[in-house]
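Working notes, structure below.
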Amino acid sequence: MSLLKPRKSRDAAAPLPVHDLNAGGAYPVRPFVAVVSGEAVPLIPLDLPGALKGAARERVARRQLRDAYGGSETGLDARPARLGPTSEMWQRMLVAQATAREDWARAVAPAGALCRAILPDFLALPAAPDLWVIEADNARMRARLGLEDGFSAEPDLALALLQDAFETAPPRAVLWQGGAQSDVEAWLAARSLPICHDAGELAEHGVEPPRRFAHGELALDLARDPGAERAEMHRSLRRLRLPVALGVLGFAGWIGAILMDMAALRDQSLAYRQNAERILRDVMIPTGPILDIRTQVSQVTDRARGAEAEADTEARPLDVLRQAGMVLGDHDLTITRVSYQPGAGLVMDLQIADFAALDALVTALRAAGTEARVAQSVTRENAGVEAVLAMAVTQGGARR
């Protein structure tokens, strides 16, 4: 199996068996987690600002780590310990010797995908918020302090580490597993910390049951080489460089063609406008600015139509009088006044012998092509009939 091949790192809800690499022996025939001595893979606490995230947070963490190790990361494998619900705000790095990490990866290679992860032994302990889980034997102690911290150490050093952790974030309860350590147990009792030997007792102290490999531990798989994975990603990106560059050039060419077409359309539109303005200058708008061709042409056309209609209206009374003159001369009548009234047409006051003569006159005027009507008529003693005629030329009437 290649040492650079990424391993599965998803959390498992069901417990996975643990295989101690230091103890040797055959690997389980089902998925398992391999553990190594926690002293060889400590969690190093850092002082990282809360505003830092992502790559910037990791750069600052590595700078602090170099300062702690004398200005060099050479030979070290360090990775952010993203544990618990605030994994993006991690405050510790898991650190191991690079050669040791490679040895462990080679050791689990025969197990293949069955080995879900290689972890320090203290991360194989169950964990819950506000709970310390401590496992002890004759020579060593392993502790999981909440979700994000833990260690493996000899009893004397373990007591010092517990004292420091208590000052920072004391737990609500302690779940004790394994053998006795009188000094540590006495120290815990002196601080009135409840010590439980069964997970079922934790509910009495407001602590939820602890779970193994449920808080991001498997993502810290020491069989994975983050540096090699980054290098492989960079190689993949370099291989994509030419296709991406060609795609960008093609897109730029397409944009350029569109811009050229738009420029040609703008030039054509300008030429059309200039040509239209020349025609307008010659025909309709000889002077003054041309701002809106459509509106100005409509205004000029409307004015011309109005002038034509006005000229038509002014010429109509003369047409009526000419049409009526030939008829009036054939009848015995006296014209006392002629006027023009808008809407009524040519208005004529006249005197005629009687109503029969008036009716004959109206009939003759209509036959000649005028719209004649009697607007008013009255008899006068010894003067016949006085009448007012309103006349207009009919639509079909001749105009000469």
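If you take the charge dipole of the stretch 18-224 about its Cα centre, with +1 on Lys and Arg Cβ and -1 on Asp and Glu Cβ, which of A55, V95, I118 is farthest toward its positive end?
Farthest towards the positive end: A55.
Arrange the residues S87, S192 by how much accessible surface each exposes, largest first, with a 1.4 angstrom probe.
Sorted by accessible area, descending: S192, S87.
Quick check: the distance between the Cα centres of the stretch 49-109 and the stretch 336-379, to the nearest angstrom?
When both Cα centres are located, 117 Å separates them.
Would you mind working out the accessible area per residue for the chain, using a 1.4 Å probe, and quoting it in Å²? Numbers along the way, then the final one.
Details: 22780 Å² over 400 residues.
Ligands and nucleic acids excluded, the figure is 57 Å² per residue.
With +1 on each Lys and Arg Cβ and -1 on each Asp and Glu Cβ, how big is the dipole of the chain about its Cα centre, in debye rounded to the nearest 20? If you can, show how the numbers build up before the last one.
Working: 45 positive and 51 negative charges, 320 e Å.
Roughly 1540 debye for the chain.
What is the dipole size for the stretch 18-224, taken about its Cα centre, with +1 at each Lys and Arg Cβ and -1 at each Asp and Glu Cβ, in debye to the nearest 20?
On the way: 21 positive and 28 negative charges, 191 e Å.
Roughly 920 debye, rounded to the nearest 20.
For the stretch 125-187, give the share of DSSP beta bridges that are antiparallel, in percent and rounded to the nearest 5; count only bridges with both residues there.
Working: 10 of 16 bridges.
Around 60 percent antiparallel, to the nearest 5.
When only Cα pairs under 8 Å and 6 or more residues apart are kept, what is the percent relative contact order across the chain?
Values: 570 pairs, mean separation 53.8, N = 400.
Across the chain, relative contact order equals 13 percent.
Which GluC sites (Glu not before Pro) does the stretch 349-394 hold that lie in a coil by DSSP with at most 11 other beta carbons within 10 Å?
Numbers: sites: E371, E381, E386; in loops: E371, E381.
Filter output for the stretch 349-394: E381.
Between A105, A186, A357, where does the largest GNM mean-square fluctuation fall for the chain, given springs only between Cα atoms within less than 10 Å?
A357
Per residue and in cubic angstrom, what volume does the convex hull of the Cα atoms of the stretch 317-393 have?
Numbers: hull volume 5.7 nm³, N = 77.
Hull volume over Cα atoms, normalised by residue count, gives 74 Å³.
Going by accessible area, probe 1.4 Å, with all protein chains left in place, what is the ranking of I285, I255, largest first?
Values: I285 20, I255 65 Å².
Solvent-accessible surface, decreasing: I255, I285.
Run lengths n ≥ 4 of DSSP H only: what is the helix-derived mean residue ellipticity at 222 nm for the chain, with -39500 (n - 2.57) per run over all residues, to the nearest 500?
On the way: 7 runs with 156 residues, N = 400.
Helices in the chain give a 222 nm mean residue ellipticity of -13500 deg cm²/dmol.
Using 0.36 nm per residue, how much length does the chain from L114 to A276 gain when fully extended, once their Cα-Cα distance is taken away?
Values: separation 162, 0.36 × 162 = 58.32 nm, distance 8.21 nm.
Taking L114 through A276 to full extension adds about 50.1 nm, to one decimal.
Farthest toward the dipole's positive end in the chain, which of Q341, A186, S377, given Cβ charges of +1 (Lys, Arg) and -1 (Asp, Glu) about the Cα centre?
Q341
Rounded to the nearest 5, what is the percent of antiparallel bridges among the DSSP beta bridges in the chain? Kindly include the intermediate steps, with their values, before the conclusion.
Working: 42 of 58 bridges.
So the antiparallel bridges amount to about 70 percent of the total.
Within 15 Å, Cβ to Cβ, of G206, how many net charges do the neighbouring residues add up to if Lys/Arg are +1 and Asp/Glu are -1? Don't skip to the answer; put the middle values down first.
Values: positive: R172; negative: D130, E201, E204, E208.
Neighbour charge sum, excluding G206 itself: -3.
Pick from L218, L193, L346: which residue has the top mean-square fluctuation in a GNM of the chain where Cα pairs under 10 Å get a spring?
Its mean-square fluctuation being the largest, the pick is L346.
Please find, in a Gaussian network model of the chain (springs between Cα atoms separated by less than 10 Å), the residue of A173, A109, A23 whose mean-square fluctuation is greatest.
A23
May I ask for the angle, rounded to the nearest 10°, between helix 355-367 and the longest principal axis of the chain, with both axes built from Cα atoms and the value confined to 0 to 90°?
50 degrees
Would you kindly calculate the translational diffusion coefficient of the stretch 18-224, applying Stokes-Einstein with the Kirkwood radius from alpha carbon pairs, for 37 °C and a viscosity of 0.692 mPa s, and quote it in µm² s⁻¹ without decimals?
Numbers: Rh = 17.9 Å.
Value of D from the Cα-based Kirkwood radius: 183 µm²/s.
Put +1 on the Cβ of each Lys and Arg and -1 on the Cβ of each Asp and Glu in the chain; which of L365, L249, W104 then has its Cα farthest toward the positive end of the dipole?
Among L365, L249, W104, the one farthest towards the positive end of the dipole of the chain is L249.
To the nearest 10 square angstrom, what accessible area does M260 show with a 1.4 Å probe?
140 Å²
Provide the percentage of antiparallel DSSP beta bridges, counting only those with both residues in the stretch 132-282; round to the nearest 5.
Around 60 percent antiparallel, to the nearest 5.
Taking the 0 to 90 degree range and rounding to the nearest ten, how far is the long axis of helix 226-283 tilted relative to the main principal axis of the chain, both from C-alpha atoms?
Once rounded, the angle reads 10 degrees.
Of the heavy-atom accessible surface of the stretch 70-214 (probe 1.4 angstrom), what whole percent is carbon and sulfur? Each step should come with its number before you reach the end.
On the way: 3140 of 6380 Å².
Reported share for carbon and sulfur atoms: 49 percent.
Under the Kirkwood approximation applied to all pairs of distinct alpha-carbon atoms, what is the hydrodynamic radius of the stretch 57-148 in Å?
Numbers: mean 1/r = 0.0650 Å⁻¹.
Taking every pair of different Cα atoms in the stretch 57-148, averaging 1/r and inverting gives 15.4 Å.
Net charge near A390: determine it from the other residues with C-beta under 9 Å of the C-beta of A390, scoring Lys and Arg +1 and Asp and Glu -1.
On the way: positive: R373; negative: E371.
It works out to a net charge of 0.
The values are calculated or read from the model by the stated rules, or taken from the named source; none is laboratory data. Please read all numbers here as calculations on a predicted model, not as lab measurements. For neighbour counting, all protein chains shown are included, and Cβ atoms are generated from backbone atoms with ideal geometry for every residue, glycine included. Areas reflect the complete protein model, heavy atoms only, side chains present, ligands, DNA and RNA absent. Shrake-Rupley method; radii C 1.70, N 1.55, O 1.52, S 1.80 Å.
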